Amino acid sequence: MASPLALSLPAPLRQFFSFFPLYTHPPIDSPEKARPVTLPTLWIHVPWSPDADVLSSDVECLKWQAYLALRGLSDVAIRWDVSPDGALDNRLPNLHVPLETLPGASPEVKEQDDGEGELLPAHLIPEWVDGQVGPLDDLEGYADEAARDESRAWVSLLEGNVHAALVLHQPSSTSFLSLLSPYQNKTRTLEAVLPNPPAPLFGISSLLPSYGTHVNVDAIEQQYKDAIASLSERLGTDKWFLGSSSPTALDALVFAYLHCILHSKEHTLRFEVTRRVNLVAWERRVQSQVRGAFRIVEALQQS
Amino acid sequence: MNESKLSPSLASRDVVLHVWPKHADVLSFDAGSVAALLCLQLALPGQFSLSYCANPDLSPSGQLPLLTHGLYHASGLSSILAYVRRLHYARHLDAGLSSVQAAQLTARIAHVESSYGDLVNHMLYSLQENWVDVTRPALVSMLPVPQRYYVPHRIRASHKARLEAVELWDVPEEEEDSEEPRRVVFGRRKKHKPEPEAHHFKKTFEREKVAEKARALFDVYDRLLGDHRFFMGSEIPTTLDVVFAAHSHLLLSLRLPDPLVTCALESYPRLVSHCHAVLSAAFPPNAPSPPTLQQNWLTSLRSLIERRYRLWRWGFIAGSLLATVGYLYFALSVLLVQDGRVLRLGAGGGEPADDEDEDEADGDAGAAAEAAGEHGEPEDEDEDEEAA
């Protein structure tokens, strides 16, 4: 078997190793096999009511769901049985696409697809969608350059003030097991959302080491109320935000936040939005459009 | 409206604005404080006083700027702006705007506070050269002695979470000249490692990304300003002008050794002149500056209120020291007396009570006592035998 020049074990060593034999077991077939990916599948957090709904309960996942739907995609599959630890960079949503839909893939790669597909993190989704439905022009779908500049301001208002209020009132369920587990969920904490860093719990000049945050709850709630008031004022009776003729990324963002606020358990948050009829009506209209683009697909097949 | 949380030492009948102290040419060392100061100067000229304090723990929410009016307080820039808007004798800065424009203003202020604020914090706290040469010495000069050793580092660490989330943390500095003196001091212990090419490219690429972000932001506001004096063609500075100019003022007046974002700003001359226009509108040349409250009366007032507690505290310490000294004195004197009796025992005459005392003698007080006791005991036994 070995060539005459190859090294071989000396006899005493071979005898010693014979006391520790190597067993090779046959492969174990699991009863569940992954179904090959034929539709683009979005991995999201579980919806509010899993039996009746496809819209996620997490704001980040819902943003991307709305983006996919409002860009004009249809027939996108949904699954929520993947834990965030299994996602890229520990953050959902991820998009699992068949290789033939990848814009940058060469033809040889597309032929070799055995159903495994490619997993894209959230920030690569717009590029993939551009490959599917065509790229956006320079104005990104807004009416003019001034509207595009204004959209930046509205994005930072939503992701700053409104998101801070949502994070503040989120029920943080930390069970004992989650403290022990080595996998931590990387949700955006309040310090990352507020523009000015909040003070530590005992003050910045106390002799105790810094721990916790002292959050100015009144200020955050006041900013949230101003934000919702100005959002409602700006929408007025338009069909899409900022007077665009077709839905844009800003509409997806606004829809995601409004939907999450209307489903949150906190009364003060919900009341601000339900007071404003135009926001509620707008959210309801967009909801039906977003919901129609998704369907639930069984990801595992029993063999 | 939280009136109960404010300590009575900060109460006064007038409007007082507490901000971070001045440093070099800047009005205050924090963008929010500068914005609050400009807003009050425009809305309530001559009707408020200013207090420079470097202790953010005086504020109920732990953050400066802080506005106190009687027993009412408003902490943080947005609360201060909202309160000034509600005062009936204050000039309303956004009076000339329609409701849609006012709604857009709220969004734009949030945009400036988050994006521009991140860039300013990146310049001050993230870039190593700026931190070592300007920010840390400034903070150290403002703080009193025990705090100046640990509070600047804590302030820098508190910005880390937000800047990491927007990818503005840990951008390497321009040159490593700041490390040269250290290498000389250590002698030939550290060899100068030539920088690999890939690392150099990565540094320049990351600096370019930050400059790109800054230019994208300044493009938006340059287009919004157009050729007007203030945003939205208003006659007097609006709240958006005040907040934007506060951040620009901090960048333009602080002479930072690593001017990454300042260079980007200076390539937009209209924005630079906008900053100067807002400042000259807020501080006209012949108007008096707001009166500054000194800290001295605050500390003396506090000492008046807390003198009773100070008496009790020092009284307790003195009393416990006295008790310790008294205890030790009496313990030693009892042992000395025992020694005296023991010495007398060694000379002659035994009493059973003294035997017990010798047996109970403490180990430390008397190696001497025990030795004397040992001497005493055999003699006592002898005497007892003789007595019997």
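The values are calculated or read from the model by the stated rules, or taken from the named source; none is laboratory data. Everything quoted here is computed from the prediction, not taken from an experiment. Here the Cβ is made from the backbone with ideal geometry for all residues, glycine too, and neighbour counts use every protein chain on show. With ligands, DNA and RNA removed, areas are computed over all heavy atoms of the protein, side chains included. Shrake-Rupley method; radii C 1.70, N 1.55, O 1.52, S 1.80 Å.
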- request: Count, please, the residues in the stretch A:68-99 that happen to be open to solvent by 30 Å² or more (accessible area, probe 1.4 Å), closer than 22 Å to A:A252 by Cα and either in a helix (DSSP H, G or I) or of a type outside the set (D, E, K, R) (or both).
  value: 4
message: Out of everything in the stretch B:78-104 that is more than 8 Å from every other protein chain (Cβ to nearest Cβ) and assigned to a helix (DSSP H, G or I), what residue ends up being nearest to B:G62 (Cα to Cα)?
response: B:I80
field: Subset of the stretch B:29-65 (residues that are more than 11 Å from chain A (Cβ to nearest Cβ), touching a helix residue (DSSP H, G or I) at 6+ places or on another chain (Cβ under 8 Å) and either closer than 15 Å to A:A199 by Cα or assigned to a loop (DSSP other than H, G, I, E, B) (or both))
entry: B:F29, B:L44
task: May I ask you to list the residues in the stretch B:74-120 that are β-branched (V, I, T) and modelled with pLDDT under 90?
output: none
field: Selection within the stretch A:100-125 - crowded, with 17+ Cβ neighbours inside 10 Å and modelled with pLDDT of 85 or more
entry: A:E118, A:L120, A:A122, A:I125
- prompt: When B:L71 is evaluated against the numbered criteria (1) at pLDDT below 90; (2) closer than 23 Å to A:A199 by Cβ; (3) in contact with a strand residue (DSSP E or B) (Cβ under 9 Å, 6 or more places away or on another chain), which criterion, by number, is the only one it fails?
  reply: (3)
- prompt: Does the stretch B:234-246 include one or more residues that are free of Cβ contacts under 8 Å to residues at least 24 places away in the same chain and outside any loop (DSSP other than H, G, I, E, B)?
  reply: no
query: What number goes with the only condition from (1) outside any helix (DSSP H, G or I); (2) within 14 Å of chain B (Cβ to nearest Cβ) that A:E116 does not pass?
result: (2)
task: Report whether or not A:D226 is open to solvent by 20 Å² or more (accessible area, probe 1.4 Å) and under 17 Å from A:V155 (Cα atoms).
output: yes
Those residues of the stretch A:235-251 which are closer than 11 Å to A:G141 by Cβ and among the aliphatic types (A, V, I, L, M), in sequence order: A:L242, A:A249, A:L250
- line: Residues of the stretch B:212-241 being within 11 Å of chain A (Cβ to nearest Cβ) and either open to solvent by 10 Å² or more (accessible area, probe 1.4 Å) or of a type outside the set (S, T, Y) (or both), in sequence order, are B:A216, B:L217, B:D219, B:V220, B:D222, B:R223, B:L224, B:G226, B:L240
task: Examine the stretch B:164-182 for a residue that is basic (K, R), open to solvent by less than 80 Å² (accessible area, probe 1.4 Å), modelled with pLDDT under 80 and more than 26 Å from B:P21 (Cβ to Cβ), and state whether such a residue exists.
output: no
message: Give all pairs with beta carbons closer than 7 Å in which a residue from the stretch A:53-81 that is among the basic types (K, R) meets a residue that is in a helix (DSSP H, G or I) and at pLDDT 90 or above; count only pairs at least 6 apart in sequence or on separate chains.
response: A:K63/A:A252; A:K63/A:L253; A:K63/A:A256; A:R71/A:V129
- line: Checked against (1) at the interface with chain B (Cβ under 9 Å from one of its Cβ atoms); (2) buried (at least 17 other Cβ atoms within 10 Å of the Cβ); (3) in contact (Cβ under 8 Å) with a residue 12 or more places away in the chain, A:G236 satisfies every condition except (2)
message: Among (1) part of a helix (DSSP H, G or I); (2) closer than 26 Å to B:N130 by Cβ; (3) at the interface with chain A (Cβ under 7 Å from one of its Cβ atoms), there is one condition B:L119 misses while meeting the rest; what is its number?
response: (3)
- prompt: Among the residues of the stretch A:199-214 satisfying the criterion of being more than 7 Å from chain B (Cβ to nearest Cβ) and open to solvent by less than 30 Å² (accessible area, probe 1.4 Å), which is farthest from A:V59 (Cα to Cα)?
  reply: A:S206
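Rundown of residues vs (1) surrounded by fewer than 20 Cβ atoms within 10 Å (Cβ to Cβ); (2) touching a residue at least 24 places away in the same chain (Cβ under 8 Å), yes/no style:
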| site | (1), (2) |
| --- | --- |
| B:H88 | yes, no |
| B:V100 | yes, no |
| B:T106 | no, no |
| B:H122 | no, yes |
| B:S126 | no, yes |
| B:V134 | no, yes |
field: Single residue of A:A281, A:A219 found to be away from every other protein chain (no Cβ under 11 Å), of a type in the set (A, V, I, L, M) and not in a strand (DSSP E or B)
entry: A:A281
